[in-house]
Amino acid sequence: EKMATPHNIDNKRYRSLIISIALFLSLIGALLAFTFYTSSLLERNTVLIDRTNQVANSAQAVIKDLFDLDNSYGEDTNSPHIQRVLERLEQDTALITSSIAALEQGGTITSVDGKSYDLPKVNRQSQIKVTEANNEWRLLEPKIQAYLKDADNVMVDSSDNLTQAVEQAKTSSLFINESLDQLTDEVFINAERQADTIRLIQILGVAAIFAYFLI
């Protein structure tokens with residue numbers, strides 16, 4: 001048998017060292033990749049929480065504006081007050097419709113700063129709350145649209161459409177607000193759980209890298 005020469009021993013040592021460094025760098029690379037992925041996930045969860053809050057606030061604003069318009073019926077539709085309320089009602093109605101669809105399907109939404117985000121799909125419990133809110137919204141939204149169609153046309157009497165929208169809002173508002181409040185809580189709790197899991201994995205990853213370095 002050939003005796004191991006110092007040259008061969010050195011080669012084995014270098015090879016072992018290179019493999020060890022490569023594995024060490026792979027661990028660091030995997031942790032960095034995971035951190036990059038989770039930062040993106042946390043950002044999407046933040047947008048999801050923000051959007052559920054926004055939908056809940058918009059729903060309350062819609063109901064408030066309908067009651068305001070009902071109390072102010074007969075006021076000049078060209079007045080700054082009525083025009084401002086009608087514009088806000090139209091914007092909030094469109095936002096709720098598009099946002100609920102995105103929340104249900106995990107679709108794309110555009111934030112106030114113009115950036116597009118893919119919303120993560122909500123879990124089963126949150127999905128139930130979205131569906132509950134959407135079912136009530138589908139009863140209210142067509143009545144709002146029917147009113148808005150001729151709301152600022154002085155030649156058309158829109159009092160009946162407004163009355164129908166207000167009556168539906170009285171029925172639907174409680175269910176919509178309750179479902180959206182519960183949805184917001186669910187989404188926030190789930191995001192917190194995800195964040196805790198991510199922190200735990202990152203701590204374990206750093207500990208594994210440090211332990212490997214010491215070994």
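Just a few scattered comments:
- Residues that are of a type in the set (A, V, I, L, M, F, W, C) and either closer than 11 Å to Asn123 by Cβ or open to solvent by less than 70 Å² (accessible area, probe 1.4 Å) (or both), drawn from region 186-200: Val187, Ile189, Ala191, Ala195, Ile198
- Condition check for Ile96 on (1) in contact with a strand residue (DSSP E or B) (Cβ under 9 Å, 6 or more places away or on another chain); (2) under 17 Å from Ser179 (Cβ atoms): one failure, at (1).
- Subset of region 138-154 [hydrophobic (A, V, I, L, M, F, W, C), part of a helix (DSSP H, G or I) and open to solvent by 80 Å² or more (accessible area, probe 1.4 Å)]: Leu139
- Some residue of region 31-52 being touching an Asp or Glu at 6+ places or on another chain (Cβ under 9 Å), outside any helix (DSSP H, G or I) and either at pLDDT below 85 or on the phi > 0 side of the Ramachandran plot (or both): no
- Set Asn135, Asn161: member being polar (S, T, N, Q), open to solvent by less than 70 Å² (accessible area, probe 1.4 Å) and modelled with pLDDT of 90 or more: Asn161
- Any hit, region 16-27, residues being at pLDDT 85 or above and touching a helix residue (DSSP H, G or I) at 6+ places or on another chain (Cβ under 6 Å): no
- Residue within region 176-192 that is under 23 Å from Leu41 (Cβ atoms), hydrophobic (A, V, I, L, M, F, W, C) and over 19 Å from the mean Cα position of the chain (by Cα) present: no
- Listed by first and then second residue, the pairs linking a residue in region 155-167 that is over 21 Å from Arg138 (Cβ atoms) to a residue that is open to solvent by 50 Å² or more (accessible area, probe 1.4 Å), with Cβ atoms under 7 Å apart and 6 or more places separating them unless they lie on different chains, are Ser159/Tyr73.
- Residue match in region 17-27 (condition: in contact with a His (Cβ under 8 Å, 6 or more places away or on another chain), more than 25 Å from Thr171 (Cβ to Cβ) and not aliphatic (A, V, I, L, M)): no
- Residue match in region 60-73 (condition: in contact with a Leu (Cβ under 7 Å, 6 or more places away or on another chain), assigned to a helix (DSSP H, G or I) and either open to solvent by 70 Å² or more (accessible area, probe 1.4 Å) or not aliphatic (A, V, I, L, M) (or both)): yes
- Restricting the first member to region 41-56 and to residues that are more than 14 Å from Ala195 (Cα to Cα), and the second to residues that are open to solvent by 70 Å² or more (accessible area, probe 1.4 Å), the beta-carbon pairs closer than 8 Å and six or more apart or on different chains are Ala56/Asp181.
- Only residues that are touching a residue at least 12 places away in the same chain (Cβ under 8 Å) and under 16 Å from Asn177 (Cα atoms) were counted in region 136-152, giving 5.
The values are calculated or read from the model by the stated rules, or taken from the named source; none is laboratory data. Worth saying up front: this structure is predicted, and the values here are computed from it rather than measured. Backbone-built Cβ (ideal geometry, glycine too); neighbour counts: all protein chains shown. Calculation scope for accessible area: heavy atoms of the full protein, side chains included, ligands and nucleic acids excluded. Shrake-Rupley method; radii C 1.70, N 1.55, O 1.52, S 1.80 Å.
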